[in-house]
Amino acid sequence: MNKIIILLLFNSIFAAGGSHASPAFSLYYTLPFIGILLSIAIIPLINHHFWENNFGKISFFWSLAFIIPFYLLVNSFSEVIEVLLHTLTFEYIPFIFLLLALFTVSGGICLKGSLVGTPMLNLILLVIGTILASWMGTTGAAMLLIRPLLRANEWRVNKVHIIVFFIFLVANIGGSLTPLGDPPLFLGFLKGVDFFWTTKHMFLPMLYVSTVLLILFYFIDTYYYNKEASKPTSTTDLKTIEITGKINFIFLLAVIGSVLLSGFWNPNYQVHIYGHVYIELQNIVRDILLIVITLLSVKYTNSKVRSENGFTWFPITEVAKLFIGIFITIIPVLTILSQDGGALQWIKDLCYNDMMYFWVTGFLSAFLDNAPTYLVFFDVAGGNPEVLMHKLSSTLLAISSGAVFMGAFSYIGNAPNFMVRAIAEENGVKMPSFFGFIAWSFLVLGLTFMTYSIIFLM
């Protein structure tokens, strides 16, 4: 549910009512985005301590590496401010406020019990998380279950694969069935796609992909479980779970309600921010509600509950600092991609059938923001929701599944990926590097998605 209700830069570089054309970016302006991705991938491998203490400064550096040349290009301080304000107010702030609310609320729910991480117990937790993700968002489901999963498996030596599959299923693929699950689907809903279109058309693809991955996970987990030298007394009895911080379930419903409110309520009123930047009233109300819910969760959750949950603010801090750099440096990439006949037109030209729509949309979603990527190819396919839902339903399925499924391919493909990794490492799990995780993705997801595209999209 992260990054929901993003009004995209490339539809109009300025907010509603703006009349300016998009800047004529060359491919050179994409270098800061490449730079921040390579920094995320390489610097932690070279010097992890340096990265943990300086990732915010590195994000700021690459942001400036775009902002300064951009100013030299347009020679207008006002235009630079407008573009940055647009990105912050329409993209980053809704994104980070929603993540903060879900992170805080979910972190205030503590699931305790005598559960031991057996293959069957882990499978059950992954199934539950995968189901929940479509109804409370991938971020909400991931933040709710990652800590109980880690506690159940803290005795195990071999457990990296558990977190990897958790990212695949709960933080990404599980969010396929409703617009609440993942932002591309919510943007499709705002464009006119029926709320339950995704439930009907994505059910079998999601069921197929999830089933394949869950079966594969069970065999891999059984293999590593049998390698453990000693095993505690095991149980898969979910009745042993004790839940504290239950008030946060109310706050969680409030978060979902706030998001839905901004999607269904349109008072047709805008607040002027600066220049051509206007914010719609429903989005202001949503963001205020999210902050209030966050504060209420902090106030009314016993600090002991968060302590028992191993809750810290580091994961959300890391995401906030890194993703503001990503959101800023991605501006020219998305602008060029959206332009007809632009330098990246050849990418869109690859989409000559449904299978290619899936792979092109998916590959870009693994490394770019999957929400704008979805809209680019939604428009490439014609942009008419009635036509796409009926006559071209297989094409819309390809675009939707590519944007949602392949967010699992990299840590930056979806924000919960980053947060899950950070929480796992806080709990002593040495997660794969940026490239190591991609290797896992190619090995596990590559063949799965190939068979999916052949079965459902040919």
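Nothing in this text is a laboratory measurement; each read-out follows from the coordinates by a stated rule. Not measured: the values here are computed from a predicted model. Because the Cβ atoms are built from the backbone with ideal geometry, glycine has one as well, and the counts that use them run over all protein chains shown.
The alpha-carbon of residue 159 sits under 21 angstrom from the alpha-carbons of these lysines, leaving out residues fewer than 8 places away in its chain: 112, 227, 231, 430. Summary of packing: across the peptides 438-444, 78-84, 104-110, 197-203, the per-residue average of other C-beta atoms within 10 Å ranks them, highest first, as 104-110, 197-203, 78-84, 438-444. When its C-alpha radius of gyration is set against 2.2 N^0.38 Å (N residues), the stretch 324-458 gives a value of 1.12. Give me the distance between the Cα centres of the stretch 395-458 and the stretch 293-319, rounded to whole Å. Each part reduced to its Cα centre gives a spacing of 27 Å. Counting 0.36 nm for each residue step from residue 227 to residue 443 and taking away their Cα separation leaves a gain of 75.6 nm. Which of the helices in the chain, when you take each full DSSP H run, stretch at least 18 Å along the axis at their Cα atoms and have an average Kyte-Doolittle score of 0.5 or higher? Correct list, ordered by number: 31-46, 48-74, 93-107, 119-152, 197-227, 247-264, 281-300, 314-329, 354-367, 434-457. Electrostatic tally near residue 258: other residues with Cβ closer than 14 Å to its Cβ, Lys and Arg +1, Asp and Glu -1, net 0.
When each of the peptides 418-424, 389-395 is scored by the mean number of other C-beta atoms lying within 10 Å of its residues, the order from highest to lowest reads 418-424, 389-395. P(r) tail for the stretch 243-375, what percent of Cα pairs lie past 23 Å? Taking all Cα-Cα pairs of the stretch 243-375, the fraction more than 23 Å apart is 59 percent.
Neighbours of residue 67, meaning other residues whose beta-carbon lies under 13 angstrom from its beta-carbon, give a summed charge of -2 when Lys and Arg score +1 and Asp and Glu score -1. Computed over neighbours whose Cβ is under 14 Å from that of residue 104, the net charge equals +3, Lys and Arg +1, Asp and Glu -1. Three principal axis extents of the chain based on alpha-carbon atoms, in descending order, are 67, 51, 47 Å. Please work out whether the stretch 44-111 counts as rounded, prolate or oblate from its C-alpha gyration tensor, where a ≥ b ≥ c are the square roots of the eigenvalues and a/c under 1.5 means rounded, while otherwise a/b larger than b/c means prolate and anything else oblate? Oblate shape, in that a/c is at least 1.5 and b/c is the bigger or equal ratio. In the chain, helical runs assigned H by DSSP with n ≥ 4 each contribute -39500 (n - 2.57); averaged across all residues and rounded to the nearest 500, the mean residue ellipticity at 222 nm is -22000 deg cm²/dmol.
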